Every structure is written in C-alpha cells, then in structure tokens.
Amino acid sequence: MVDTHCHLSKEIYENLDEIINNMKGIMIISATNTKEIKEVIELTEKYDNIYATIGIHPEEADNYKEADLKYLESFLNHPKVVGIGEIGLDYHYTKENKEKQKELFIKQINLANIYHKTLVIHCREALEDAYNILKEVKNKELKGVMHCYSGNIDEAKKLIEINMSLGIGGVLTFKNEKTLKEVVKTLDIENFVLETDSPYLTPEPFRGKKNEPANVKYVANKISELKNITLDEVANITTANAKRLFDLPF
Ligand code: NI
C-alpha cells in the first residue's frame, strides 16, 4: 500500500526508525514549511520506500518570504520530490488573511506548472475558493490530490473533472462520518488514494492515539467494506492510482 500523505520527523516520533520500519509499503511524506524540507529530503535519501512532497502551508501565509519560495524551488528537481504540498487554503485556521493565503497558493501552483509536480492540496472550509483557483491557475493536464478530502459527492465530481484525486484517510473510519462514506461508496475507486496524515487523524480502532503510516491498512479495510471488494483489490488499485498520480518509479 501507499500512504500518500504523512508527516515524519524526529520531533514527532522519538522512535522514528521503528515507525518507518512498521510500514511495509511506500510513504510520501510532506514538508509544510522551509524548516521541514531538509529533514524530509534526508529521510527520502535514507529510505528507498520514502518519497516527499514539499510546500508552504497556508498557515505560513502571513510570514513567508520570497526567499522561502526560492528555497523550495531549489529542491523541485530532486529525484524523490514527487509533488508540491501541502499547499492550499485554510479558513478554519483564520479568515483574516484570505488574500495572502490565495497569493501563496497561486505562486506554488505556478511552480507546479513549471516543474510538472503533482499538487497536494490542504483545504479547510475553503473548497469553493480552492476549486476556482485550481481550475483557473493549474495547467489542465497537471494532476493533484485533495488531501484528507472532506467535501460531498457533487464537489468531488467537479474536482475529478479538473484532474484531481481524492485522498482518503482515517476520518472514513469515524463512526459519525457519513458524507465521506457516501463519497467512497458512490465514486469510482480509480479516483482514490490512501493516506494517514500521521501523526493526526488516527483511524478506528486507535482513534485518540498518535497515528502512523502502518495504520493506512485500516483506511483500506474500510474502503473494502464500503465498496464490497477485497482488501487486496483495494491495495492493488489504490497503489496503482498513487503510482500514476505521483509518477512513482516502480
Ligand atoms: Ni498533512
């Protein structure tokens, strides 16, 4: 299986090597600011089964400098950097700086257009604005994923039309979550990739504990239940989807 979105660092996990060894599949780890990029790149160089996406998160919108974007750009030709992200809009965090968030988002989509890098989108309470910007700014053929997708079926269909996939994570296993279950039941599995967003959003039955990439199997299991196909089928199809989405070389 491929965990297409997680965060790994020594600061998050004291037992980082153990956490990495627990995961038998591929991990795509995400750097969300310039400070994280170096450690993320080092991990991709140390482990064959780790790839990275790098980006400047909307929470940095008030503080980023042009030099940060230059620094980010300097890693985009690294062979294990497979995308730009997580980037996007977060109006839950704050609505005060919408224009700054949009500006940072657009600048990084433009970088993705130039370097042909898959987009990993963080979007909270901002789906309409995120969709409009993606539709307008992103090159049509450029691929991307709505990390931790949380919209409804109609919104998902619109995103799929503009070449976006849906990242399905631990929220799917939560008892009260209904909309995402409908999305997974209704839409073609070709549009889904698995993710954990570790250390956050731990799936049932471990909700409340610190998440880790190996838990991606609980997300896959829920998809197999909802779509009434075997766990092996979910693993094979979502792995092929992730491979296509990020042009992974295996
Ligand atoms: Ni994340």
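The values are calculated or read from the model by the stated rules, or taken from the named source; none is laboratory data. Quantities reported herein were computed from a predicted structural model and do not represent experimental measurements. All Cβ positions, glycine included, derive from the backbone under ideal geometry; neighbour counts span all protein chains shown.
The set of residues in region 1-33 that are assigned to a helix (DSSP H, G or I), more than 16 Å from the ligand (Cβ to nearest atom) and more than 17 Å from K80 (Cα to Cα) comprises L16, D17, E18, N21, N22.
Residue pairs whose Cβ atoms lie under 6 Å apart, sitting 6 or more positions apart in sequence or on different chains, and linking a residue in region 1-19 that is closer than 19 Å to K217 by Cα to a partner that is within 16 Å of the ligand (Cβ to nearest atom) and among the aromatic types (F, W, Y), are I19/Y13.
Remark: pairs (first residue in region 198-216, within 18 Å of L16 (Cβ to Cβ) and more than 16 Å from the ligand (Cβ to nearest atom); second residue of a type in the set (A, V, I, L, M) and part of a loop (DSSP other than H, G, I, E, B); Cβ separation under 8 Å; 6+ apart in sequence or on different chains) = A214/M23. Please count how many residues of region 134-146 are more than 18 Å from K185 (Cα to Cα) and within 16 Å of the ligand (Cβ to nearest atom). Summing the residues that are more than 18 Å from K185 (Cα to Cα) and within 16 Å of the ligand (Cβ to nearest atom) in region 134-146 gives 2. Any residue in region 83-97 that is in a helix (DSSP H, G or I) and buried (at least 19 other Cβ atoms within 10 Å of the Cβ)? No, that holds for no residue. Contact annotation: residue pairs with Cβ atoms under 7 Å, 6 or more positions apart or on different chains, pairing a residue in region 129-146 that is among the aromatic types (F, W, Y) with a partner that is modelled with pLDDT of 95 or more, are Y131/K158; Y131/L159. Going by the structure shown, is K46 in contact (Cβ under 8 Å) with a residue 60 or more places away in the chain, more than 25 Å from L89 (Cβ to Cβ) and among the basic types (K, R)? Here the answer is no, as K46 does not meet what is asked.
Residues being crowded, with 18+ Cβ neighbours inside 10 Å, at pLDDT 95 or above and within 13 Å of the ligand (Cβ to nearest atom) are entirely absent from region 62-82. Listed by first and then second residue, the pairs with beta-carbon distance under 9 Å, at least 6 apart or on different chains, first residue in region 235-249 and part of a loop (DSSP other than H, G, I, E, B), second of a type outside the set (D, E) and loosely packed, with under 14 Cβ neighbours inside 10 Å, are D247/H116; P249/P79. For G208, the requirement of being under 28 Å from L8 (Cα atoms), modelled with pLDDT under 95 and not basic (K, R) is met.
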